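Here the structure comes first, spelled out in structure tokens, and everything after it is commentary.
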Amino acid sequence: MIDKSRKHLSRKELIDQMVNIIAAIKRTHPVRVAIDGVDAAGKTTLANELVDPLEKLGRDVIRVSIDEFHNPRTIRYQRGKDSPEGYFFDSYAYDALKESLLIPLGPDGSLQYRTSIFDFHTDSIVYSPKHHAGPNAILIFDGVFLLRSELVNYWDFSAFLDVAFDVAVERASQRDQFLFGSAQDVKERYWKRYIPGQKLYLKTCRPERHADIIIDNKDPLKPCIIRSFRP
């Protein structure tokens, strides 16, 4: 299915459509949903907005972010703090993510999963307790680089949020000052490391080819479905 009209939706209409699509997916294991997109595209906000309406349908929702699966700083910055390649290749522990969460919730999985293995604020390993998922559970997982080759086959549904880089940087300059300092410091970091890293991801992994739905999220209050392969 392709939406050629690019009609703008209200926020509620978008959430309702996505909830209906996700709830209708039939699997013999928990449904694993990826909310992908560039930095500051609105992934976390969208993922959080899906939780309550899915729970109201009687589904158990497991809410996790890629931030819980960072690599240690020594690995993340081994190519330099401004390295785009370091951002794309070294930021996250994908094997641990698969072994702790995606495989247990997948076909013939144990249903015993963890939601976190690392605290990047303290740069320390912190294993969350193991939980048991019911077969009707839904994993809502947000983060960058989720449709890369190491992960793309582990999702049952994926959304990609499309936002221009200048819009993303402007949002980040307000959001990430507690991490990097002033708004100008944030912008410099993004244009040196994060945006080139995202360009590398878009070029090598082509997430728009893999996502089940692509959403223009430039204006979060008036999102637009660019393309959907789901009814």
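Read the figures in this text as sums done on the coordinates, not as results from a lab. All values reported here derive from a predicted model rather than from experimental measurement. Cβ: placed from backbone, ideal geometry, glycine included. Neighbour counts: every protein chain shown.
Relative contact order (percent) for the chain, with alpha-carbon contacts under 8 angstrom and 6 or more residues of separation? The normalised contact order for the chain reaches 33 percent.
Remark on the chain: hydrodynamic radius 18.2 angstrom, per the Kirkwood mean of 1/r across alpha carbon pairs.
Dipole magnitude for the range 106-170: computed about the Cα centre from +1 point charges on Lys and Arg Cβ and -1 point charges on Asp and Glu Cβ, it is near 380 debye. Here Lys12 is the anchor, and the lysines within straight C-alpha reach of less than 27 Å, apart from those fewer than 8 places off in the same chain, are Lys4, Lys26, Lys43, Lys56, Lys218, Lys222.
What does the charge count around Ala137 come to, taking other residues whose C-beta lies under 13 Å from its C-beta (Lys +1, Arg +1, Asp -1, Glu -1)?
Values: positive: Arg27, Arg32, Arg59, Arg63; negative: Glu55, Asp60, Asp156.
Within the 13 Å Cβ shell, the charges total +1.
Each of Trp155, Trp191 was scored by other Cβ atoms within 10 Å of its Cβ. Listed from fewest to most, they are Trp191, Trp155. Take each peptide in 206-213, 127-134, count the other Cβ atoms within 10 Å of every residue, and average; sorted highest first, the result is 206-213, 127-134.
Listed by chain and number, the lysines placed with their C-alpha closer than 20 angstrom to that of Lys130 are Lys98; residues fewer than eight positions away on the same chain are left out.
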